[in-house]
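Everything on this sheet refers to the single structure shown next.
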Amino acid sequence: MVNTSDFIGRLEHLLKYYGLSASSFADKINVQRSSISHLLSGRNKPSLDFVLKVVNVFPDVNLYWLLNGKGTFPTDAENSPAKTKAPPKTNPTPNTLPLKPTGNPKKTIEKIVIFYSDGSFEAYNNE
């Protein structure tokens, strides 16, 4: 059985760790904002669907830690947002074209960043 007040504390810890408001957290895991509010106030208990959404969206969250406080959070300190590493420098392939916008000719693109669903990203600089 999940202790609701302890679960609320762990959920608040997640929000603080990721720097999210309750609203943005709800949007990120694709649940109604009111459901987060009801959980945090103690009105409702977490559903299995809610817990699974949290674990799927935030891979750092250990299921057992979230449910009963056993285990660690984050599960892998190396990949946590607090210890992000700079992306490796990538060399453009020989057949890439210079980046030029089609709009205002006085503007140039300095950097393009691609974000992947697993939380990783790649940055390309116009060098």
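The values are calculated or read from the model by the stated rules, or taken from the named source; none is laboratory data. Being a predicted model, the structure only gives us computed values, none of them experimental. Positions of Cβ are backbone-derived with ideal geometry, glycine not excepted, and every protein chain shown enters the neighbour counts.
Note on segment 1-25: residues that are modelled with pLDDT of 90 or more, of a type in the set (S, T, N, Q) and assigned to a helix (DSSP H, G or I) total 2.
Scanning segment 55-69 for residues that are more than 18 Å from the chain's Cα centre (by Cα) and of a type outside the set (Gly, Ala, Ser) turns up Tyr64, Leu67, Asn68. The residues of segment 53-92 that are over 25 Å from Ser5 (Cβ atoms), modelled with pLDDT under 85 and in a loop (DSSP other than H, G, I, E, B), listed by number, are Asp76, Ser80, Thr84, Lys85, Ala86, Pro87, Pro88, Lys89, Thr90, Asn91, Pro92.
Inside segment 26-52, residues that are without any contact (Cβ under 8 Å) to a residue 24 or more places away in the chain, surrounded by 13 or more Cβ atoms within 10 Å (Cβ to Cβ) and either in contact with a Gly (Cβ under 7 Å, 6 or more places away or on another chain) or part of a loop (DSSP other than H, G, I, E, B) (or both) make up a count of 2.
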